[in-house]
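One structure is given here, and the rest of the page talks about it.
No value in this document is a laboratory result; all are computed from the given coordinates. Everything numeric here is computed off the predicted structure, so don't read it as measured data. Ideal geometry is used to build each Cβ from the backbone, glycine not excepted, and the neighbour counts take in all protein chains shown.
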Amino acid sequence: MDHKETITKKEGYIEIIFIIILVGAMFFFVNGKLYDNRLVHSMPFSYFATDGFAYLLLTEHAYISGNQLYHPYYEAGGYYDVLWIHGLTIYSVSAILAKTSGIPVYDAIYIMASVMVILNCLAMYFFIREYNKNVAIIAIGFFALFFVKNFYVSYFWGELGAVSGMLFLTGMLWAVSKIDIKKGFLLLSITSIAAILAHIPEFIFAALIILGYLVFKIIIEKKIPWKDVKWITIAMFITVVLTSYYLAVFAFGMFQTQGSNPLVLKPSEMGSLKVVFFQDIGWPAIIALAIGITYFSYITIKNKKIIPILFFSLMLFIIGFSNYFGFGYRAFHIRAFWPIFLAPLFGLGVYIVIKTIKKNISQVVSIIVALIIFASITLSYYSPIRGPGAITQEQYDAFKWIDKNTAQTDKIFVFYGDGYSQSARLIQRLTYVLDVNDYVQSLQKGTIKNIYTVDLFTLTNGNLLYWDGFMKPGYHADFSTSYHIQVNVCDFEYYLFDKKSAYSPGLAQANVYIMNLFLSNGMKEVYSNDAVSVIYNNGIRENCINMPGTNISTNSTDQSIKESTSQSINQSTDESKNQSTIQK
């Protein structure tokens, strides 16, 4: 073994150790801090928004039923034939992990999401490495941006379909760069199918980038790459054939209701928390990006040849601004993954700067630079997000009691509770959540009503699509269908009451008052813990608020309830606005 071979082997070991350290750091920042450094929890932990709870309920449905053909009836307006129109991958792999390991579903889904983020980083690293190993190593330092500022929001706010889709978007672009190898079209077919089944928007973005790649290649090289066109066409044909059923469901469902009309959307219209702004990258990274883009443009024009990974990185940067050209909030999903997608250009920019100072850059120097960048970003910007999220242990225990002890036909009326506009969708029954504003207004007037405004939890994307014949779509709803409705509070089998509230103690006191009124009128408390009670309506269907023989006048509350409620109106209104913002 000569000296050169010994050095190469040593560098290989160093690289492996570096990658292991990277994976460990990624797990620490993605999973560790957010989940209190535990893999298993006693309840859904760090679920902060509606999307996260929606992904969880669908994963639990896949776990329990093994079914991803239909939506659960309790999230489909009570219909049992509503077709599953969401992606498949994140739900199925999380359910499999939970089934085989015994880890709770709510933990398994975030573990799998973390694994997908890390796999995406590793895939991007090896993709860049094919161009230049030192650039790839330096680029790793910029992955740390994913854990800071608004980049992290898409992850912990539950955009998990996009998390899985982004992995296979990277896979598709890598496969295109290998299209000329033997059977290379199969790599593109496999990754394209995976992208469609994970999250179709990422497949669409990748397809547009591939089309742009071919066009740009024609312009630069002054010839049509017929071989590439042939194999890409074959790969897309195989993809469409093998995913034709799912594509049909998507076309009749999600595309019909959401994707067919271009949506121009300004970042300010989304709320600052959920949107990555260009300046969030930071000026040092922006300078590195500018240098990388400039150098890529120079060598492309000079050599009349495209370097795929750098071209793809530039296209993903541009697509991040496609919200101004009709792609709406989908563009913001791409922005959230800029720390991964722009890493090739970031790394190239820093590499060029170092090359002007030191002509020969060793692997060790590149690793040191990457570690400095990674540490600088985390020390300057990283602020760990802690806390259980938008649900408490007592609330979750009550949800599970309802799931196990009530009939599928039972309807649940949910009175005010902290976070219920998001978390109560985990109840596996038809669930009606009391509108906070209606509740507050009635209590301000000193009244308790029979008729309240509620929200029926329903995943309305696709207008409740079902098959009305062979490949003939039918819809249980349309664009005018509202699930913000008025109901008679007496028409329910079970009622969920929070007896404590961190946001609005006055509303919790009103809950207790109404609960005691129900109990005095003959209803039964069937479950209770320190914070939550479940009341069973044993057949009282008319005037359950005021039964004959009670000394409480109809539509009247005790004065103390009115006064204590008034004191917490501002708190409840603020909490309501916060929940509304999260849902958007």
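Beta bridges assigned by DSSP with both partners in the chain are antiparallel in approximately 70 percent of cases. Using R0 = 56 Å, the C-beta based FRET efficiency linking Lys227 and Asp403 works out to 0.50. Measuring between their Cα centroids, region 69-112 and region 304-343 lie 30 Å from each other.
In loop segments of region 16-112 as defined by DSSP, the trypsin sites (Lys or Arg not before Pro) with at most 12 further C-beta atoms inside 10 Å of their C-beta are Arg38. When Rg and Dmax of the Cα atoms in Å is computed from the coordinates, the matching label among [x] 27.2, 100; [y] 34.6, 141; [z] 25.1, 77 is [x].
Across the chain, the mean sequence separation of Cα contacts (distance under 8 Å, 6 or more residues apart), normalised by length, yields a relative contact order of 17 percent. Principal-axis analysis of the Cα atoms of the chain puts helix 50-65 at an angle of about 90° to the longest axis. Over the chain, DSSP H runs of length four or greater, each weighted -39,500 (n - 2.57), average out per residue to a 222 nm ellipticity of -17500 deg cm²/dmol. The angle between the Cα long axis of helix 308-319 and the main principal axis of the chain comes to about 40°, on a 0 to 90 degree scale. What do you get for the angle between helix 505-520 and the principal long axis of the chain? Use alpha-carbon atoms, 0 to 90 degrees, nearest ten. Long axis of 505-520 versus the principal axis of the chain: about 50 degrees.
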